[in-house]
Amino acid sequence: MPDTTPATPEWHLTLLESVHALGSAARELRDAHQHARHTARTTDPARIIPVPGLLTVPGADPVRPHDEALWQLSDLYLVLDHHTRDLYENAALGYAHGTATALAAVLRSEHPHHVELPRDRNGNYPLGADDLPDFDGSLTVQAGAHELADLRTRLIACEQAQDDEQADAEVEFSTALADTAHAYGEHAEGALHHLIRFAATHGFLHAS
């Protein structure tokens, strides 16, 4: 009688899928933020020629309906701009940390099936740039050691600059931190593929 038990995917295949899903999530939120920012700018009342015309309201001052609509939309899209930026930043940090965690595990000759990351009750990753592992001396130049080291340094600097801005109450809603975290995740994912190809070539891939 044939064995109908479904085959268990190899650990490295599901691990790569897990990492790719983190990156895809960050890119979806990056695109959403870009759309939100563009929409917020196109509805900025300072950029649009006002339409003249007053509306008389019994018992109240007259209003300008077009101006009022623009300000309402501007407020709405500004909130969306800030919210999608925060979501993108957290997803990008999750991608960076998740891929780095997977990379570190493979370097330790472990066989994780999926990325493991902490999340709070709101689905956010409570992670900071300082928590990223330092792969200096663990990876080869071919695996992207220099690029990862440089991106890690830049990521820590971006986080510190953002903390300083918030402390000064001069918050610039920049995507520098998110973009750098995403770039780190992409380079770490490339390094992970490099390690797994090396392991496959030398017969080191074994299901656990």
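Below are the figures for this structure:
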| read-out | value |
| --- | --- |
| Ala60-Thr14 FRET efficiency (beta carbon distance; Förster radius 45 Å; 0.05 resolution) | 0.10 |
| Within segment 177-194, backbone nitrogen closer than 20 Å to the virtual label 7 Å beyond the Cα of Asp131 toward Cβ | 177-189 |
| Magnitude of the charge dipole, the chain, Cβ model with Lys/Arg +1 and Asp/Glu -1, debye to 20 | 600 |
| Average Cα contact separation per residue, segment 1-160, under 8 Å, 6 or more apart, as relative contact order % | 26 |
| Kyte-Doolittle at least -0.5, axis length at least 30 Å by Cα - qualifying DSSP helices, the chain | 65-107, 176-201 |
| Potential extension, Glu28-Arg119 segment - 0.36 nm per residue separation minus Cα distance | 30.9 nm |
| Pair Val51, His82: separation of 7 Å Cα→Cβ label points (nm) | 2.8 |
| Label-point separation, Arg41 to Glu110 (7 Å along Cα→Cβ), nm | 4.3 |
| Value of [θ]222 nm, deg cm²/dmol, for the chain, DSSP H segments ≥ 4, -39500 (n - 2.57) each, nearest 500 | -21500 deg cm²/dmol |
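We did not get these values from a lab; they are worked out from the coordinates using the rules stated. What you see is a predicted model, and the numbers here were worked out from it, not measured in a lab. Methodologically, a virtual Cβ is constructed for each residue, glycine included, from the backbone with ideal geometry; neighbour enumeration extends over all protein chains shown.
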